[in-house]
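Chemist: Would you mind keeping the following structure in view while I ask a few things?
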Amino acid sequence: MSAHAVNPWVAVAYLVAGICFILALRGLSSPATSRRGNRYGMIGMAIAVATTLLTHQIASLPEIVAAIAIGGGIGFVIARKIQMTAMPQLVAAFHSLVGLAAVLVAVAAFLNPEAFGILGADGNILSVSRIEMALGAAIGAITFSGSVIAFAKLNGNMSGAPILLPARHVINLGTLVVILALTALFAHSGQAGPGENPMFWGIVGLSFAIGFLLIIPIGGADMPVVVSMLNSYSGWAAAAMGFTLHNTAMIVTGALVGSSGAILSYIMCKAMNRSFISVIAGGFGAEAGAGGGAAQTDRPWKRGSAEDAAFLMKEAENVIIIPGYGMAVAQAQHVVREMADQLKKHGVSVKYAIHPVAGRMPGHMNVLLAEANVPYDEVFELEDINGEFAQCDVAFIIGANDVVNPAARTDKSSPIYGMPVFDVEKAKTIFFIKRSMGGQGYAGVDNDVFYMDQTMMLLADAKKMVEDIVKALAD
């Protein structure tokens, strides 16, 4: 069946798929509708893939179906087994695969342009196709190598601290200029066949390098924005390859992913008081010599117990719970909800305060709380609840550090300086759960809240400590 004979129906099918993708993004904007959004996304992708397979000449349909089955099976197994704590690095790994796929498609088009229908009358690759090919390969390579670094940082394979290269901004800018110059030369070169134009391989190689260079200087505290930014890059890479493949669905889907990821990155940059341009340039949130404060565990601090926490929270009028990555690591979200239910039985008002960059990816804490069936009307964003800490009886911090660190407002040498944080120090009583006084959070900075008069440190595994508090509340 030729694509030309059914072209109107193909356009309609791709339009329906595009609408499903838009509805998916709309659904993913809220935890309450996220499941429905995922279903729309799956339906749209099924329509797009089926339409492509049915209306295009396929070299070997059985091989493609087998590849889809293998890839889908692997994805299904990973999705079933993955822990929520590992979800951020899984997302980064998936982004890397999207980027690598874009590079491979570009390489295939470069080596066999006739199969892609991009040869001109003179036997050379069309200039516009060369531009599409170069941009897709460049963005895909940046996405791949950048995502690999993000995965390594999130997974603990390399330090989450910024790795600051000398003259990194000059190196990055120079590399990007060379990539753009090679793209322009490649687009206007006379020969673009396999092995006849080394400029294409130069674009690919430099793009892999710049992906590493852009992400290495970024510290762990800024990883949520990195994940969002790489998501945007993967979308633009897919859109560029959609032009090369003459596939409307890829163009529409890639543009939606790219634009939504860029918008989310911008929103998160505002939430962190970061420059969006600095995000694109790489190395944001990290300046040479920014020590962020050394560990100060020799300062006096007070240790509390589960019984102390249960007694004071039971007597409180209102409690604000601030979850962080430590809650995800301990898988404590379900028992935290049980604690909140016990407190509400004692007439205590309970709210959850979610920082835009808590965890290791956008919406990480919202997903965990939704998994534990925490009511959506009890979950509040930073700007909606930060003013309530001055009237708060108890601020209960579980596994968070950077998002409650006042150094973000006061210490210009801190790597988190300028990031809006919760005003937990205004609460009458603070309970801070962490494993030990030796850890200073993902950004590697100490926290003055540990040593405040109204703070009690609850040093233990988060899940075990909250379980003990729940038992004490029930007694």
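The values are calculated or read from the model by the stated rules, or taken from the named source; none is laboratory data. This one's a predicted model, so the numbers in the text were calculated from it and none came from an experiment. In this analysis, Cβ positions are derived from the backbone assuming ideal geometry, glycine residues included, and neighbour counts consider all displayed protein chains. Keep in mind that these areas ignore ligands, DNA and RNA; they rest on the heavy atoms of the full protein, side chains included. Shrake-Rupley method; radii C 1.70, N 1.55, O 1.52, S 1.80 Å.
Chemist: For the chain, what does the relative contact order come out to in percent, with C-alpha contacts under 8 Å and a separation of six or more?
Modeler: 15 percent
Chemist: Rank Glu467, Glu425, Glu383 by accessible area, highest first, at a 1.4 Å probe radius?
Modeler: Largest accessible area first, the list is Glu383, Glu467, Glu425.
Chemist: So how strong a dipole does the range 1-138 carry about its Cα centre when Lys and Arg Cβ are +1 and Asp and Glu Cβ are -1, to the nearest 20 debye?
Modeler: For this selection, approximately 800 debye.
Chemist: Here's a follow-up. Using a Förster distance of 45 Å, how high is the FRET efficiency between Trp301 and Val170, based on the Cβ-Cβ distance and rounded to 0.05?
Modeler: Efficiency, from the Cβ-Cβ distance: 0.55.
Chemist: Also, I was wondering about something else. In whole Hz, what ³J(HN,Hα) sequence does the range 386-397 give by Karplus (6.51, -1.76, 1.60; θ = phi - 60°), x for Gly and Pro?
Modeler: For the range 386-397, the Karplus curve yields 4, x, 8, 5, 5, 9, 7, 6, 9, 9, 10, 9 Hz.
Chemist: Taking H as built 1.01 Å from N, whose amide H comes closer than 5 Å to the amide H of Ala460, not counting residues under 5 places away?
Modeler: Those lying under 5 Å, H to H, from Ala460 are Lys434, Arg435.
Chemist: Pop out the ³J(HN,Hα) list for the range 91-103 in order, Karplus 6.51 cos²θ - 1.76 cosθ + 1.60 with θ = phi - 60°, rounded to Hz; leave Gly and Pro as x.
Modeler: For the range 91-103, the Karplus-derived couplings read 4, 4, 5, 5, 4, 4, 5, 4, x, 5, 4, 4, 5 Hz, x marking Gly and Pro.
Chemist: Okay, moving on. Please report, in cubic angstrom per residue, the volume enclosed by the convex hull of the alpha-carbon atoms of the range 378-459.
Modeler: 97 Å³
Chemist: Going by a ≥ b ≥ c, the root eigenvalues of the Cα gyration tensor, does the range 20-164 fall in the rounded group (a/c under 1.5), the prolate group (a/b larger than b/c) or the oblate group?
Modeler: oblate
Chemist: Next up: Over the range 27-98, with every protein chain in place, what whole percent of the accessible area is carbon and sulfur at 1.4 Å, could you tell me? Each step should come with its number before you reach the end.
Modeler: On the way: 3180 of 4590 Å².
Of the solvent-accessible surface of the range 27-98, carbon and sulfur hold 69 percent.
Chemist: While we're looking at this one, here's another question. Residue by residue, what Karplus-based ³J(HN,Hα) values in Hz, rounded to whole numbers, does the range 237-254 have, using 6.51, -1.76 and 1.60 with θ = phi - 60° and x for Gly and Pro?
Modeler: With the stated coefficients, the range 237-254 comes to 5, 5, 4, 4, 6, x, 5, 5, 8, 6, 10, 4, 4, 5, 5, 5, 4, x Hz.
Chemist: Given axes a ≥ b ≥ c from the Cα gyration tensor, I'd like to know whether the range 321-474 is rounded (a/c under 1.5), prolate (a/b larger than b/c) or oblate.
Modeler: rounded
Chemist: Rank Ser189, Ile43, Gly123 by how far each Cα sits towards the positive end of the charge dipole of the chain (+1 on Lys, Arg Cβ; -1 on Asp, Glu Cβ) and give me just the farthest.
Modeler: About the Cα centre, the residue reaching furthest to the positive side is Gly123.
Chemist: Set the Förster radius R0 to 30 Å, insert the Cβ-Cβ distance between Ile68 and Arg36 as r into 1/(1 + (r/R0)^6), and round the FRET efficiency to 0.05.
Modeler: 0.75
Chemist: Would you kindly calculate the translational diffusion coefficient of the chain, applying Stokes-Einstein with the Kirkwood radius from alpha carbon pairs, for 25 °C and a viscosity of 0.890 mPa s, and quote it in µm² s⁻¹ without decimals? The partial results should precede the final answer.
Modeler: Details: Rh = 24.3 Å.
After rounding, the answer is 101 µm²/s.
Chemist: Would you mind working out the accessible area per residue for the range 406-475, using a 1.4 Å probe, and quoting it in Å²?
Modeler: Here the per-residue accessible area is 40 Å².
Chemist: So, one more: Roughly how many debye, to the nearest 20, is the charge dipole of the range 399-475 about its Cα centre, given +1 on each Lys and Arg Cβ, -1 on each Asp and Glu Cβ, and no other charges?
Modeler: 100 debye
Chemist: For Val177 and Trp201, FRET efficiency with R0 = 25 Å and r from the beta-carbon atoms, rounded to 0.05?
Modeler: 0.85
Chemist: Remind me, relative contact order of the range 409-475 in percent, using alpha carbon pairs under 8 angstrom and six or more residues apart?
Modeler: Once normalised by length, the contact order is 32 percent.
Chemist: What does the accessible area per residue of the range 75-121 come to in Å², with a 1.4 Å probe and no ligands, DNA or RNA counted?
Modeler: Values: 2390 Å² over 47 residues.
I get 51 Å² per residue for this part.
Chemist: Rounding to the nearest 20 debye, state how big the charge dipole of the range 77-180 is about its Cα centre with +1 on each Lys and Arg Cβ and -1 on each Asp and Glu Cβ.
Modeler: Charge dipole, the range 77-180, about its Cα centre: 520 debye, nearest 20.
Chemist: Want the number for Lys270 to Phe212: 0.36 nm per residue separation, take away the alpha-carbon distance, what's left?
Modeler: This chain segment gains 18.4 nm when fully extended.
Chemist: For the range 369-475, which whole percent of the accessible surface, found with a 1.4 angstrom probe, sits on carbon and sulfur atoms?
Modeler: Roughly 49 percent of what the probe reaches on the range 369-475 is carbon or sulfur.
Chemist: If the chain between Asp341 and His188 were fully stretched, how many nm would it gain, using 0.36 nm times the residue separation less the Cα-Cα distance? List each step's numbers first, then the result.
Modeler: Details: separation 153, 0.36 × 153 = 55.08 nm, distance 6.71 nm.
Going from the current span to full extension adds 48.4 nm.
Chemist: Which residue, Ala106, Ala209, Met313, has the largest displacement toward the positive end of the dipole of the chain when charges sit on each Cβ (Lys, Arg +1; Asp, Glu -1)?
Modeler: Looking along the dipole axis, the top candidate is Ala106.
Chemist: Grab the Cα-Cα distance for Gln454 and Ser436, subtract it from 0.36 nm times how many residues apart they are, and report the gain in nm with one decimal.
Modeler: On the way: separation 18, 0.36 × 18 = 6.48 nm, distance 1.84 nm.
Gain on stretching Gln454 to Ser436: 4.6 nm.
Chemist: So what's the gap between the Cα centers of the range 204-262 and the range 374-432, to the nearest angstrom?
Modeler: 32 Å
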